[in-house]
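S.K.: Got a structure here, written out as structure tokens. Questions coming.
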Amino acid sequence: MPTSAPGISSKERRRHQAGFTLMELVVVIAVLALVAAVVLPRLTVSHAVELNRSARTLAATIRYLQDRAITSKTPYRTRIAIGAGTVRVTKLSATGTEEGSGDPSLDRPILAEGITVMDVLTPREGKLSEGEAVLRFEMGGLADFAAIHLKNADGAIVTVMALPSSGKVTVADGYQEEPR
């Protein structure tokens, strides 16, 4: 026969031991929070969101380079690998050689993973569907009109259009070659 403390039946004792302690609950919540912190950032964002985010980041980079070239009186180049998802910014030294941008914000990836440059259209080079396109930012800003077409894994296309005459950079859904 089980023994129990005086005045407490074995049935009551089992009922009191059936719950969780506060410490057990805190440990479980901490483990769940840790799992959520690791897993949530890795959840896939839709391809359309990544495409639009990449287009806006590229447009902001072009605007920034226009302003920076004008204010610092330093020429910059943006090298766009067509068919890939890489955009690299360099600046021209006084001797005319290209070197790193010297700006950590320009050295980060501009396009998200899975976003590719379909083609680039400029008056100087025409429509480039392979190789590398170069956008030139002289001391007066962007030198030439450019239409950059980005594509995601689903085949959706976004156009980033840079207009040197007005300094505007726009993002539009779909494939466009002319400013609207």
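The values are calculated or read from the model by the stated rules, or taken from the named source; none is laboratory data. This structure is a prediction, so every number in the text was calculated from the model and none was measured. Cβ atoms come from the backbone with ideal geometry, glycine included; neighbour counts cover every protein chain shown.
S.K.: Out of (1) surrounded by 18 or more Cβ atoms within 10 Å (Cβ to Cβ); (2) in contact with a helix residue (DSSP H, G or I) (Cβ under 7 Å, 6 or more places away or on another chain), the odd one out for Thr159 is which?
M.R.: (2)
S.K.: Another one. For residues that are closer than 16 Å to Ala146 by Cβ and not basic (Lys, Arg), tally how many sit in region 57-74.
M.R.: Summing the residues that are closer than 16 Å to Ala146 by Cβ and not basic (Lys, Arg) in region 57-74 gives 10.
S.K.: To continue, here is another question. Let me spell it out: the conditions are (1) at pLDDT 80 or above; (2) loosely packed, with under 10 Cβ neighbours inside 10 Å, and Leu51 meets all of them except one. Which number is the exception?
M.R.: Answer for Leu51: the failing condition is (2).
S.K.: Take the residues in region 135-155 that are of a type outside the set (A, V, I, L, M) and in a strand (DSSP E or B), then tell me which one is modelled with the lowest pLDDT.
M.R.: Looking at the filtered set, the residue picked out is Gly141.
S.K.: Within region 20-73, which residues are of a type outside the set (S, T, N, Q), closer than 25 Å to Thr116 by Cα and either in contact with an Asp or Glu (Cβ under 6 Å, 6 or more places away or on another chain) or not in a helix (DSSP H, G or I) (or both)?
M.R.: If the condition is that a residue be of a type outside the set (S, T, N, Q), closer than 25 Å to Thr116 by Cα and either in contact with an Asp or Glu (Cβ under 6 Å, 6 or more places away or on another chain) or not in a helix (DSSP H, G or I) (or both), then Leu43, Val45, His47 are the ones that fit.
S.K.: In addition: Identify all residues within region 111-134 that are part of a strand (DSSP E or B) and among the hydrophobic types (A, V, I, L, M, F, W, C); write none if there are none.
M.R.: Selection gives Val117, Met118, Val120, Leu121, Leu128, Ala133, Val134.
S.K.: Next question, about the same structure. In region 69-94, what residues are small (Gly, Ala, Ser) and over 25 Å from the mean Cα position of the chain (by Cα)?
M.R.: Selection gives Ser72, Ser93, Ala94.
Yes/no per residue for (1) surrounded by fewer than 17 Cβ atoms within 10 Å (Cβ to Cβ); (2) in contact with a Ser or Thr (Cβ under 6 Å, 6 or more places away or on another chain); (3) over 23 Å from Leu51 (Cα atoms):
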residue: Thr116; (1), (2), (3): no, no, no
residue: Lys127; (1), (2), (3): yes, no, no
residue: Glu132; (1), (2), (3): yes, no, no
residue: Leu142; (1), (2), (3): no, no, yes
residue: His149; (1), (2), (3): no, yes, no
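S.K.: Name, by its number, the condition in (1) more than 17 Å from the chain's Cα centre (by Cα); (2) under 29 Å from Ser46 (Cβ atoms) that does not hold for Ser101.
M.R.: Only one criterion in (1) more than 17 Å from the chain's Cα centre (by Cα); (2) under 29 Å from Ser46 (Cβ atoms) is unmet by Ser101, namely (2).
S.K.: Is there any pair linking a residue in region 87-98 that is in a strand (DSSP E or B) to one that is buried (at least 16 other Cβ atoms within 10 Å of the Cβ) and of a type in the set (Lys, Arg), with Cβ under 9 Å and at least six apart or on different chains, and which?
M.R.: Between residues of region 87-98 that are in a strand (DSSP E or B) and residues that are buried (at least 16 other Cβ atoms within 10 Å of the Cβ) and of a type in the set (Lys, Arg), the close pairs are Arg88/Arg77; Val89/Arg77; Thr90/Arg77; Lys91/Arg68; Lys91/Arg77; Leu92/Arg77; Glu98/Arg77; Glu98/Lys91.
S.K.: List the residue pairs whose Cβ atoms are under 7 Å apart, where the first residue sits in region 104-117 and is without any contact (Cβ under 8 Å) to a residue 60 or more places away in the chain, the second is of a type in the set (Lys, Arg), and the two are 6 or more positions apart or on different chains.
M.R.: Hits for this filter: Thr116/Lys151.
S.K.: Here is a list: Thr74, Thr61, Thr78, Thr86. Which entry is of a type outside the set (A, V, I, L, M, F, W, C) and surrounded by fewer than 16 Cβ atoms within 10 Å (Cβ to Cβ)?
M.R.: Thr86
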